[in-house]
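Just so you know, all these numbers are worked out from the coordinates, no wet-lab data involved. This is a predicted model, so every value here is computed, not measured. Glycine also receives a Cβ, built like all others from the backbone with ideal geometry; neighbour counts cover every protein chain displayed.
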Amino acid sequence: MGSRVAVPENPERLVSLVKSQTELLYDLVLEVIIAGQTQFCIHPKEHFNSAAKTGGKKS
């Protein structure tokens with residue numbers, strides 16, 4: 001949108017809000033950076049309970 005955001009350091013943790021992106025992070029063996037994920041991020045099943053959950057049903 002034309003705005004610049006300065007990030008002084010590389011982020012070390014993130015919250016994934018997209019199921020497919022969460023799966024990609026696990027496929028790339030980057031689960032250590034996942035601080036949270038939506039309750040709909042159910043794959044891979046062995047990691048479902050490993051990150052804090054956020055989000056709910058869309059209105």
### Sequence ranges 45-53, 4-12, 32-40, ranked by mean other-Cβ count within 10 angstrom, highest first
32-40, 45-53, 4-12
#### Entry: Projected label distance in nm at residue 53 and residue 18, using a 7 Å step from Cα toward the beta-carbon
2.3
### Query
What shape does segment 14-54 take by its C-alpha gyration tensor, where a ≥ b ≥ c are the square roots of the eigenvalues and a/c under 1.5 counts as rounded, a/b above b/c as prolate, and the rest as oblate?
rounded
